[in-house]
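Okay, handing you the structure first.
The values are calculated or read from the model by the stated rules, or taken from the named source; none is laboratory data. Since this is a predicted model, take the numbers as computed values, not measurements. Here the Cβ positions follow ideal geometry from the backbone for every residue, glycine too, while neighbour counts run over all protein chains shown.
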Amino acid sequence: MFVRRLLFQVHLWTGLAVGLYIFAIFLSGSVLVYRNELYRTFRPQPVLVGGVGAARPDEALSAAAQRAYPGYAATDLRRGDAPNQAVEITLRRGDEALTRLFDPFTARDLGDPVPLGYRLTAWLLDFHDNLLAGETGRRVNGIGAVLVLVLGATGAVIWWPGYRNWRRSLSVNLWPGANRMAWRLHSTLGFWLFIFVVLWGVTGAYLSFPGIFAAVFDWIQPYDEVDPTERTVDRIQYWLAYLHFGRLGGRGISWCGRGLCDSLTKATWATAGLVGPALFVTGALMWWNRVVRPAYRRAAQKQSVARPTQQTPTG
């Protein structure tokens with residue numbers, strides 16, 4: 001029981017420390033399962049404008065772009081295949097660069113050539129992979145992946161209800177009361193999706209620290225220059241990358257092509273990715289009901305007892 005209580009405290013405080021991080025990373029991962037589809041949907045398309053007469057020359061369009069963005073110099077101008085297609089102009093100021101579309105007839109600024117949906121997908125991918133902080137963010141993600149494994153391991157121990165009762169913990173009683181409902185949801189979701197939690201923890205750590213994993217794999221199965229064939233650890237590293245996002249179709253699995261099987265695995269990964277937000281919400285509810293609310297009640301009781309009793313004046 002001492003070990004169980006200790007692991008409960010580790011699970012609790014680790015969850016509180018990284019709960020919002022897990023919420024955001026798991027939710028963004030569910031969306032990014034379909035990142036290729038999102039990129040195809042929002043890919044840039046030629047922008048056509050209405051106009052009559054001759055289009056403005058390159059010098060006039062560059063000058064108009066520089067007037068629209070003072071301090072920038074137009075360094076590149078690209079016309080489309082059609083005369084009425086918007087012109088793409090790149091402007092630079094020091095190390096900063098931006099690209100805009102301009103009307104070839106009026107030199108009016110038409111906005112960013114990259115659609116908003118495409119830019120949001122790229123932003124979400126950078127957030128999920130690097131927390132918008134480059135290599136530093138990638139390393140922080142690796143630490144987060146290790147903490148996800150800690151939560152999974154401690155949660156598995158805490159979940160175990162005993163040999164006689166473990167089957168009852170595989171389902172959710174819809175009417176156990178508010179306090180018990182959060183616990184049953186948390187434990188049941190954790191059990192059924194435990195394999196995904198471990199999978200994303202391991203693959204997330206690999207994607208953040210590939211060099212460490214490569215060194216360990218080389219130690220397990222050293223590279224043989226005399227027989228440079230593919231090793232078992234090479235296949236493991238290959239699958240660690242693709243298993244993270246559930247892109248299994250067309251990866252050499254005979255029974256899983258790019259059709260129905262690929263769609264089903266992506267849907268499974270995207271749905272299972274919601275386990276992170278669900279576990280965070282149910283865990284936060286349990287913490288509130290078991291720790292915060294009783295603390296508030298005890299503080300209120302102490303305050304009411306310590307409050308001096310008002311004396312009724314006598315005549």
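Looking at the structure I just gave you, is G273 of a type in the set (G, A, S) and either more than 30 Å from W159 (Cα to Cα) or modelled with pLDDT under 90 (or both)?
No: the conditions fail for G273.
Are there helices (runs of 4 or more DSSP H) fully within the range 188-246 with at least 1 residues that are at pLDDT 85 or above, aliphatic (A, V, I, L, M) and under 23 Å from A267 (Cα atoms)? List them.
Per the criteria, 194-208, 232-245.
So, in the range 53-71, of the ones that are over 15 Å from G111 (Cα atoms) and assigned to a loop (DSSP other than H, G, I, E, B), which residue ends up modelled with the lowest pLDDT?
Only one residue tops the list, namely G53.
Is it the case, given these coordinates, that S208 is among the polar types (S, T, N, Q) and exposed (fewer than 14 other Cβ atoms within 10 Å of the Cβ)?
The answer is no for S208.
Got at least one residue in the range 83-91 being modelled with pLDDT under 95 and exposed (fewer than 14 other Cβ atoms within 10 Å of the Cβ)?
Yes, the conditions are met somewhere in the range 83-91.
Matching residues to (1) in contact (Cβ under 8 Å) with a residue 40 or more places away in the chain; (2) in the same structural domain as T188 (by TED's automatic domain parsing); (3) among the basic types (K, R):
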site	(1), (2), (3)
R108	no, no, yes
L132	no, yes, no
R139	yes, yes, yes
V157	yes, yes, no
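One residue is enough: does the range 151-162 have a residue meeting the conditions surrounded by fewer than 17 Cβ atoms within 10 Å (Cβ to Cβ) and among the polar types (S, T, N, Q)?
For the range 151-162, residues surrounded by fewer than 17 Cβ atoms within 10 Å (Cβ to Cβ) and among the polar types (S, T, N, Q): absent.
Hey, another quick one. Just to be sure before I move on: is A153 closer than 30 Å to V18 by Cβ, at pLDDT 95 or above and among the small types (G, A, S) in the structure I sent?
Here the answer is no, as A153 does not meet what is asked.
May I pose another question? Give me a count of the residues in the range 98-115 that are within 15 Å of P44 (Cα to Cα) and part of a loop (DSSP other than H, G, I, E, B).
4
From the set of residues in the range 104-141 that are among the small types (G, A, S) and under 13 Å from the mean Cα position of the chain (by Cα), which is surrounded by the most Cβ atoms within 10 Å (Cβ to Cβ)?
G137
Look through the range 10-60, keep the residues that are among the small types (G, A, S) and over 26 Å from R78 (Cβ atoms), and return whichever of them is surrounded by the fewest Cβ atoms within 10 Å (Cβ to Cβ).
If we take residues in the range 10-60 being among the small types (G, A, S) and over 26 Å from R78 (Cβ atoms), then A17 is surrounded by the fewest Cβ atoms within 10 Å (Cβ to Cβ).
Here are some conditions: (1) out of contact with any helix residue (DSSP H, G or I) (no Cβ under 8 Å at 6 or more places or on another chain); (2) in a strand (DSSP E or B); (3) not polar (S, T, N, Q). A74 meets all but one. Which one does it not meet?
With respect to (1) out of contact with any helix residue (DSSP H, G or I) (no Cβ under 8 Å at 6 or more places or on another chain); (2) in a strand (DSSP E or B); (3) not polar (S, T, N, Q), A74 is out only on (1).
Could you list all residues from the range 55-103 that are acidic (D, E) and under 35 Å from the mean Cα position of the chain (by Cα)?
Across the range 55-103, the qualifying residues are E88, D95, E96.
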